[in-house]
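Trainee: Just dropping this structure here.
The values are calculated or read from the model by the stated rules, or taken from the named source; none is laboratory data. Since this is a predicted model, take the numbers as computed values, not measurements. Glycine also receives a Cβ, built like all others from the backbone with ideal geometry; neighbour counts cover every protein chain displayed. The accessibility values were calculated without ligands, DNA or RNA, using every heavy atom of the protein model including side chains. Shrake-Rupley method; radii C 1.70, N 1.55, O 1.52, S 1.80 Å.
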Amino acid sequence: MIKEKTALVLQGGALRTIFTSGVLDAFIAKKYFPFDILIGVSAGTMCLSYYIGNQYGTTFNIIKNLAEDKDFINLKNAFKKEGIVNLSHLRNFTTSKFPIDYDTAFKQKSKSIVEFVATDVKTGKPVYLNPTLENWNDCLIASSALPIYSKGSHILNGQKLMDGSWSDPLPVKRAIELGATRVIVVRTSPISHRDSKSYIGALGSVWFKGQEALKKSLLEEHLCFNAAVDFMNKKHDGIEIIQIAPEHKLNTTASSSSEKKVIADYRNGLDLGLRFVMKEELDNNYCNNTPQDSIL
């Protein structure tokens with residue numbers, strides 16, 4: 001009998017992933033780790049990294065500390081090298097103060113498929129990165145780099161990459177391709193949310209003028225997102241898709257927040273995460289695969 005596989009998919013959303021961190025902290029607190037496949041997009045990759053590292057509260061503390069840090073987010077830097085969101089500052093801050101527990105992360109990774117989604121600048125198509133000890137931080141940056149918003153792109157193994165949200169923002173199909181029959185998606189926008197054309201996409205299409213495939217992906221990002229939402233909302237034979245999402249628009253935006261807003265959105269995610277796991281326990285839908293040297 002073929003074992004059914006469960007996947008976790010984490011949407012991006014920059015600072016809005018404070019909601020995701022709440023959900024995942026609930027998972028850690030309840031030792032909930034039934035996943036065979038884990039896929040993160042953009043800022044969701046950071047949340048995923050600390051989740052498989054079993055590091056309760058770490059993403060929350062990172063976002064709380066950086067939400068009002070002008071060295072990290074500054075609209076005045078829109079047309080400078082690092083952009084509005086300084087990924088180099090984020091990398092230096094996290095590696096010095098909140099390093100990923102790679103020992104624990106790789107114990108879990110040895111039992112699961114872990115992928116970070118990026119976009120190939122040349123083709124505009126998604127690239128599914130396999131983070132290793134040598135390239136983990138580069139994969140994080142490649143999945144989150146955006147023109148104007150951050151550094152624009154990042155080169156990894158000779159390939160110029162940028163934010164995965166522009167090619168596969170909700171990689172549920174990818175999880176199914178990898179064998180998942182049950183997919184749990186943590187959203188940073190309400191289930192009813194649909195995207196419209198964004199100014200980042202319009203500006204990005206000018207930034208990458210002459211690269212027609214990427215330009216098309218940037219201009220049609222909203223169509224890509226909405227198609228992914230439509231796919232999740234349909235019924236598929238033999239596939240269960242569960243969305244954990246805020247009921248209303250989060251207080252935190254992609255690039256602005258305050259400590260009060262961060263805490264409110266985090267608690268929202270924590271509450272929904274706990275409710276979800278408690279239902280899973282009642283339904284007996286999972287077994288505990290948490291690493292044995294859990295910090296809890």
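Trainee: Suppose each label sits 7 Å from its Cα in the direction of the beta carbon; what would the residue 283-residue 137 distance come out to in nanometres?
Mentor: 4.0
Trainee: Considering only protein heavy atoms, what per residue accessible area in square angstrom results for the range 100-170 with a 1.4 angstrom probe?
Mentor: Working: 2660 Å² over 71 residues.
About 37 Å² of surface per residue is accessible.
Trainee: Here is a further query. If you take the beta carbon distance between residue 102 and residue 234 as r and set R0 to 51 Å, what does 1/(1 + (r/R0)^6) give as a FRET efficiency, to the nearest 0.05? Walk me through the numbers before you get to the answer.
Mentor: Values: r = 38 Å, r/R0 = 0.75.
The computed FRET efficiency comes out at 0.85.
Trainee: Please work out the C-alpha center-to-center distance from the range 18-73 to the range 91-127 and express it in whole Å.
Mentor: Here the two parts' Cα centres lie 12 Å apart.
Trainee: Shifting gears a bit: A 29 angstrom limit on the alpha carbon distance is what I want to check against. Which of 3/122; 107/249; 3/216; 234/279 exceed it?
Mentor: Values: 3/122 38 Å; 107/249 36 Å; 3/216 39 Å; 234/279 23 Å.
Checking Cα-Cα distances, 3/122; 107/249; 3/216 exceed 29 Å.
Trainee: Among 154-167, 10-23, how do they line up from the highest to the lowest mean number of other beta-carbon atoms within 10 Å? If you can, show how the numbers build up before the last one.
Mentor: On the way: 154-167: 21.0, 10-23: 28.0.
With the highest mean Cβ count within 10 Å placed first, the list reads 10-23, 154-167.
Trainee: Sort 228-237, 102-111, 52-61, 186-195 for me by packing, meaning the mean count of neighbouring Cβ atoms within 10 Å per residue, highest on top. Can you show the working numbers first?
Mentor: On the way: 228-237: 12.8, 102-111: 16.0, 52-61: 21.8, 186-195: 17.8.
For the peptides 228-237, 102-111, 52-61, 186-195, the packing ranking is 52-61, 186-195, 102-111, 228-237.
Trainee: With labels modelled as points extended 7 Å from the Cα through the Cβ direction, what inter-label distance (nm, one decimal) is found for residue 31 paired with residue 122?
Mentor: Result for the modelled spin labels: 4.8 nm.
Trainee: Could you tell me whether the range 155-200 comes out rounded, prolate or oblate from its Cα gyration tensor? Rule is a ≥ b ≥ c as square roots of the eigenvalues, rounded for a/c under 1.5, then prolate if a/b exceeds b/c, otherwise oblate. Don't skip to the answer; put the middle values down first.
Mentor: Details: a/c = 2.92, a/b = 1.10, b/c = 2.65.
Verdict is oblate for the range 155-200.
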